[in-house]
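Reading through the structure tokens given below for one structure.
Since every read-out is calculated from the coordinates, none of them should be taken as a lab result. Please read all numbers here as calculations on a predicted model, not as lab measurements. Cβ placement follows ideal geometry from the backbone for every residue including glycine, while neighbour counts extend to all protein chains displayed.
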């Protein structure tokens, strides 16, 4: 999440987990980000 409303990033190093920038990291981070955005 960023300071800009509605602007999100995914797949950055150490975004939410250590593996964020790896092949499988965005899956875990994507679930976390979707929950923070209020997606079901």
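Given Cα pairs under 8 Å that are at least 6 residues apart, what percent is the relative contact order of the chain? Walk me through the numbers on the way to the answer.
Details: 35 pairs, mean separation 10.7, N = 40.
Here the relative contact order equals 27 percent.
Starting with the highest mean, order 22-28, 5-11 by the number of other Cβ atoms within 10 Å, averaged over the residues of each peptide.
Numbers: 22-28: 13.7, 5-11: 10.3.
Those peptides, ordered most packed to least, come out 22-28, 5-11.
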- Message: Counting just the Cα atoms, what span does the chain cover along each of its three principal axes? Round to the nearest Å and put the largest first.
- Response: 26, 23, 11
- Task: Working from Cα positions, state the angle (0 to 90°, nearest 10) between the long axis of helix 25-37 and the longest principal axis of the chain.
- Result: 10 degrees
